[in-house]
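Enquirer: Here it is: the structure, laid out below.
Where a number appears in this text, it was derived from the coordinates with a stated rule and is not lab data. Source: prediction; values computed, not measured. Here the Cβ positions follow ideal geometry from the backbone for every residue, glycine too, while neighbour counts run over all protein chains shown.
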Amino acid sequence: MGRFRANLMVCAGSGCVATKSLKVKEAFEEELQKRGLEKEIDVVLTGCNGFCAQGPIITVHPDEIFYEKIQVEDVPYLVEEHFIKGRPVEKFMYKEPTEKITIPSMHEIPFFKHQVLRVLRNKGIIDPEKIEDYITRDGYLASAKAVTAMTPEEIIKVVKDSGIRGRGGAGFPTGVKWESCARMVSDQKYMCCNGDEGDPGAFMDRSIMEADPHAVIEGMIIGAKAIGATKGYIYVRAEYPLAVHRLQLAIDAATEAGLLGKNILNSGFDFDLEIYQGAGAFVCGESTALMFSIEGRRGMPRLTPPRSTEAGLWGKPTVLNNVETLAAIPQIILNGADWFKSLGTEKSTGTKVFSLTGAINNTGLVEVPMGMTIRQIVYDIGGGVPGARRGRKFKAVQMGGPSGGCIPESLIDTPVTFEDIQKTGAIMGSGGMVFMDNSNCMVGMAKFFLEFTTDESCGKCPPCRVGTKIMLDKLSDLTEGRGKEGDIEILEELSYDIIEGSLCGLGQSAPNPVLTTIQYFRDEYESHIKDKWCKVGVCRKLTTFFINEKVCTGCGACMRACPSKAIIGEKKKPHRIIQEVCIQCRTCYDTCRFQSIIIGPADYKGDPMALLKE
Amino acid sequence: MPRLTIDDLKKIKEEHKATFAVREGGCRAKITVHMGTCGIAAGARTIMTALMDEMAKADVKDVIVTTSGCAGLCSREPMATVEIAGSPPVKYVELNEKKIKEIFDEHILKGNVVEKYAMVVGSETTY
């Protein structure tokens, strides 16, 4: 085998592939060949690096230089400078957003520095399509140990002692789940993986499946041995083609190597694994619905008990674990329960992967110890809120997707653990964090998530099917100026009815975004109803836009940006908005660098300056 | 791939260790070939190629080779800096294929500084 002096890691997660990282990879190979460096520099495709906002991402080892947003046309220059002359190219390196300081080394960039990688330990280091890479990083040693040298009781004890709880949302202790299934006597049991990640703004599981598919498979082998299953399914939504592709390659490679399938490592233990592609219905992430879907039936939840661990797939005892939970298992087997518990809090052990989206500088995928505060995630890792100079600041974070709730700025020091998040009214969920700044309307946000759950309700229980629709109609009324006194109370009452009357988690959690926004932002609901005023200017029918003549510099930026040409004025003199022409699109507000746009209530005829006092 | 045993897993790990030493960092020794314009003109490429050959032949897994720009002493190129973890870096000057092979054997593999080719031990002070 030839030796390479440097490895050039090209991120091939879905985010970077979308920004043409595969073309960049080809360009590198071509350029290196042209320069006669193809035997010295190896180009490797990796899974998601996590820093999706800066893609396509390239890291160079051993120098550990981190390049961002590399395009095909940058390649020849980069090869010449970095690989021929040995001068890392500063202009392609990461720049700290507020100070604009260039940070060459990956480990010094705050986004990476504050993370602890356990589940994502192989991200950016291995080629997910090569089993040898995974094996070199201690891959399949844990499953080998579990299959050849451990009893099911021993495996369950380690997992129970580690305190790991399901990463899919509910936080049920994994060891307890395995134990209750192991106790069942049956001719057939199933070990399944839930990769039906459907929350808007969540991409943790997809990234794990893409970056380290073998870790998920290895976790499943260990689980299968623990519960006595010989057959398993990975349920992945068909919208994740790259994850499906890499999982299939991984299953084939592991089976060929005798690490999966019949007589694993000549131990006599069999475990066959198959991928089942779901059609993308949100409700199929619910365990009983998911199992019906695999059986070929309509994906609708059923009443529990019996739990899936007693009667799941085809009525047989079945364990269903989340992708991230399974990917954490091999390390727990190798390093022990105490190692896992050494991070996190007493009741929420280990690390958790989160996807950061929305109003945050560093959009991407991160792994942090449980118990880190939201503030640390927002400012240390997330790099704060974009547009700080235009007065944008953190307002709230929606955790747990449409099933979760929002956590306001006043609770920003809440530690991220299952218990603490639940106390705020939100849920940990699978780890999607959608950030909002002070230009987001919370009523509109609640409406967005309700639209999602209304669409995705399977229709089995009327409280969910009909109730969410009525709630959505009420929220539409509120955002379009038809809100009435008493609407907030109706929303609250309906919420409790839906929670009480629904069978599964979808209905039981659908009202959460509404309840938490009412709890923390009741004043916004009230101003929508009483004053017909959306103070952040999102709900078009509840706003009038003005220019603060004392602040306006007459730069003309808003005038150029206005799509309906409603702004007039001379250069360097305060501009004015013609109300008859204005369509309340808020473009001027987003464009103005001097915060001179005043947002008033619908059809406001008074003095705009009086609004500033409010 | 044929069916594996647990020993095979360990063997694969051992075989690929060198590649991962490059990616994970944590190597025992690092050789920097100075490849500024002056270095390249003086023949740094042959030094690099020779070094890569030696690395492959010796099958070392904990040594990395990298490049850097001009070291500022253009008249004495080709140059290379050898750093062994825990000891100060040593700069070698006016290298050729034979010299770098000798340095590789003596300094990298056996840990003895080849004084006859060395210019200086240590680095410039940087602030």
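Enquirer: List the cysteines of chain B that have no other Cys Cβ closer than 4.7 Å: which are they?
Expert: B:CYS27, B:CYS70
Enquirer: If you don't mind, another one. By how many degrees, between 0 and 90 and to the nearest 10, does the Cα long axis of helix A:241-256 differ from the longest principal axis of chain A?
Expert: 10
Enquirer: A further question follows. With loop defined by DSSP as not H, G, I, E or B, and exposure as at most 12 other Cβ atoms within 10 Å, which is the longest segment of chain B clear of exposed GluC sites (Glu not before Pro)?
Expert: Formally, the longest exposed-site-free interval is B:1-114.
Enquirer: Filter the trypsin sites (Lys or Arg not before Pro) in region A:1-43 down to the DSSP loop ones having no more than 14 other Cβ atoms within 10 Å, then list what survives. Please list the in-between numbers first.
Expert: Working: sites: A:ARG3, A:ARG5, A:LYS20, A:LYS23, A:LYS25, A:LYS34, A:ARG35, A:LYS39; in loops: A:ARG3, A:ARG5, A:LYS20, A:ARG35, A:LYS39.
Of the trypsin sites (Lys or Arg not before Pro), not one in the loops of region A:1-43 has a Cβ with at most 14 other Cβ atoms within 10 Å.
Enquirer: Moving on to the next point. If you line up the long axis of helix A:512-529 against the longest principal axis of chain A, both from Cα atoms, how many degrees apart are they, to the nearest 10?
Expert: Once rounded, the angle reads 10 degrees.
Enquirer: Next question. Of the listed pairs A:LYS189/A:LYS447; A:LYS20/A:LYS91; A:LYS23/B:LYS10, which have alpha-carbon separations greater than 30 Å here?
Expert: Going by Cα-Cα distance, A:LYS189/A:LYS447; A:LYS23/B:LYS10 fall outside the 30 Å limit.
Enquirer: Please compute the contact order of chain A in relative form: average sequence separation of alpha-carbon pairs under 8 Å and at least six residues apart, divided by the residue count, as a percent. Mind showing how you got there, number by number?
Expert: Values: 1315 pairs, mean separation 67.5, N = 614.
Across chain A, relative contact order equals 11 percent.
Enquirer: Same structure, new question: Could you give the length gained on full extension between A:HIS245 and A:LYS571, defined as 0.36 nm per residue of separation minus the Cα-Cα distance, in nm?
Expert: Numbers: separation 326, 0.36 × 326 = 117.36 nm, distance 5.71 nm.
That works out to 111.7 nm of additional length.
Enquirer: What percentage of all Cα-Cα pairs in the protein assembly as shown are separated by more than 51 Å? If you can, show how the numbers build up before the last one.
Expert: Details: 65171 of 274170 pairs.
When all Cα pairs of the protein assembly as shown are counted, 24 percent exceed 51 Å.
Enquirer: Net charge near A:PRO511, counting Lys/Arg +1 and Asp/Glu -1 over other residues with Cβ under 10 Å of its Cβ?
Expert: Working: positive: none; negative: A:GLU492, A:ASP497.
My count for the surroundings of A:PRO511 gives -2.
Enquirer: Expressed as a rounded percentage, what relative contact order does region A:6-108 have, with Cα pairs under 8 Å and six or more residues apart? Don't skip to the end; give the middle numbers.
Expert: Numbers: 169 pairs, mean separation 29.8, N = 103.
This gives 29 percent for region A:6-108.
Enquirer: If you average the sequence gap of Cα pairs under 8 Å that are 6 or more apart and divide by the length of region A:140-224, what percent do you get for the contact order?
Expert: On the way: 49 pairs, mean separation 28.1, N = 85.
Averaging sequence separation for qualifying contacts and normalising by length gives 33 percent for region A:140-224.
Enquirer: As an exercise, identify the trypsin sites (Lys or Arg not before Pro) in region A:388-477 lying in DSSP coil whose Cβ has no more than 14 other Cβ atoms within 10 Å.
Expert: Numbers: sites: A:ARG389, A:ARG390, A:ARG392, A:LYS393, A:LYS395, A:LYS423, A:LYS447, A:LYS460, A:ARG465, A:LYS469, A:LYS474; in loops: A:ARG392, A:LYS393, A:LYS460.
Answer by residue number: A:LYS393.
Enquirer: Okay, next question. Cut-off under 19 Å on the C-alpha distance; same-chain residues fewer than 8 positions from A:LYS571 excluded. Which lysines are left, in chain and number order?
Expert: Reachable lysines: A:LYS550.
Enquirer: I would also like to ask the following. Under 5 Å between amide H atoms, partner at least 5 residues away or on a different chain: which partners does B:THR66 have, H built in plane at 1.01 Å?
Expert: Placed amide hydrogens put B:ILE31, B:THR32, B:VAL33 under 5 Å from B:THR66.
Enquirer: Within region A:195-237, what residues put their amide N at less than 12 Å from the label point 7 Å along the Cα-to-Cβ vector of A:SER186?
Expert: Of the residues in region A:195-237, A:227-232 have backbone N under 12 Å from the label point off A:SER186.
Enquirer: In whole Hz and in residue order, list the ³J(HN,Hα) couplings for region A:35-43 that follow from phi through the Karplus curve 6.51 cos²θ - 1.76 cosθ + 1.60, θ = phi - 60°; x for Gly and Pro.
Expert: Per residue, the Karplus-derived 3J(HN,Hα) values read 8, x, 10, 5, 8, 9, 10, 9, 9 Hz.
Enquirer: With all distinct Cα pairs included, what does the Kirkwood hydrodynamic radius of region A:131-340 come out to in Å, to one decimal, could you say? Walk me through the numbers on the way to the answer.
Expert: Values: mean 1/r = 0.0598 Å⁻¹.
Averaging 1/r across every pair of different Cα atoms and inverting gives 16.7 Å.
Enquirer: Explain nothing, just compute: Karplus ³J(HN,Hα) = 6.51 cos²θ - 1.76 cosθ + 1.60, θ = phi - 60°, for every residue of region A:409-424 in order, whole Hz, x for Gly and Pro.
Expert: Values, residue by residue: 4, 5, 10, 5, 8, 5, x, 7, 9, 4, 6, 5, 5, 4, 4, 7 Hz.
Enquirer: Give the long-range amide H neighbours of A:TYR233: residues separated by 5 or more places, or on another chain, with amide H under 5 Å away, using H modelled in the peptide plane at 1.01 Å from N.
Expert: Amide H to amide H, under 5 Å and 5 or more residues apart or across chains, A:TYR233 pairs with A:MET191, A:CYS192, A:CYS193, A:GLU274.
Enquirer: Sorted by average packing, counted as other Cβ atoms within 10 angstrom per residue and highest first, what order do A:507-516, A:492-501, A:528-537, A:357-366 take? Each step should come with its number before you reach the end.
Expert: Details: A:507-516: 25.3, A:492-501: 15.8, A:528-537: 20.6, A:357-366: 23.5.
Ranked by mean Cβ neighbours within 10 Å, highest first: A:507-516, A:357-366, A:528-537, A:492-501.
Enquirer: Report, as an integer, the average count of C-beta atoms from other chains found within 10 Å of each Cβ along A:256-267. Mind showing how you got there, number by number?
Expert: Numbers: counts 4, 7, 6, 5, 0, 1, 0, 1, 1, 6, 4, 1.
Across the residues of A:256-267, the mean count of other-chain Cβ atoms within 10 Å is 3.
Enquirer: I would also like to ask the following. Local charge sum around A:PHE111 (other residues, Cβ-Cβ under 14 Å, Lys/Arg +1, Asp/Glu -1)? Before the final figure, lay out the partial values.
Expert: On the way: positive: A:LYS95, A:LYS113, A:LYS123; negative: A:GLU68, A:GLU96, A:GLU108, A:GLU367, A:ASP380.
Net local charge, A:PHE111 excluded: -2.
Enquirer: Calculate, for A:HIS114 and B:ARG45, the FRET efficiency according to 1/(1 + (r/R0)^6) with r their C-beta to C-beta distance and R0 30 Å; round to the nearest 0.05.
Expert: Numbers: r = 41 Å, r/R0 = 1.37.
In this case the efficiency is close to 0.15.
Enquirer: Still on this structure, please answer the following. With a Förster radius of 56 Å, plug the Cβ-Cβ distance of A:THR304 and B:ASP7 into 1/(1 + (r/R0)^6) and report the FRET value to the nearest 0.05. The partial results should precede the final answer.
Expert: Details: r = 45 Å, r/R0 = 0.81.
FRET efficiency, A:THR304 to B:ASP7: 0.80.
Enquirer: Something else now. What FRET efficiency do you get for B:ASP53 and A:TYR77 if R0 is 45 Å and r is their Cβ-Cβ distance, rounded to the nearest 0.05?
Expert: Working: r = 29 Å, r/R0 = 0.64.
Once the sixth-power term is evaluated, E becomes 0.95.
Enquirer: I would also like to ask the following. Could you work out, residue by residue across B:4-12, how many beta carbons of other chains sit within 10 Å of that residue's beta carbon, and then give the average as an integer? List each step's numbers first, then the result.
Expert: Working: counts 11, 5, 10, 0, 6, 11, 4, 1, 9.
The mean count of partner-chain Cβ atoms within 10 Å per residue comes to 6.
Enquirer: While we're here: With a sphere of radius 13 Å drawn around the Cβ of B:ARG76, what net charge do the other residues whose Cβ falls strictly inside it have (Lys, Arg +1; Asp, Glu -1)?
Expert: Working: positive: B:LYS91, B:LYS99; negative: B:GLU77, B:GLU94.
Around B:ARG76, the charge tally is 0.
Enquirer: Another question, if that's okay. Give a quick list of trypsin sites (Lys or Arg not before Pro) in region A:579-614 that DSSP marks as loop, anything other than H, G, I, E or B, with at most 13 other Cβ atoms within 10 Å.
Expert: Values: sites: A:ARG586, A:ARG593, A:LYS605, A:LYS613; in loops: A:ARG586, A:ARG593, A:LYS605, A:LYS613.
In loop regions of region A:579-614 (DSSP not H, G, I, E or B), the sparsely surrounded trypsin sites (Lys or Arg not before Pro) are A:ARG593, A:LYS605, A:LYS613.
Enquirer: Skipping prolines and chain starts, which residues have an amide H placed within reach, meaning under 5 Å, of the one on A:ASN322, given they are 5 or more residues away or on another chain?
Expert: The list, which skips near neighbours in sequence, is A:ARG167, A:GLY168, A:ASN194.
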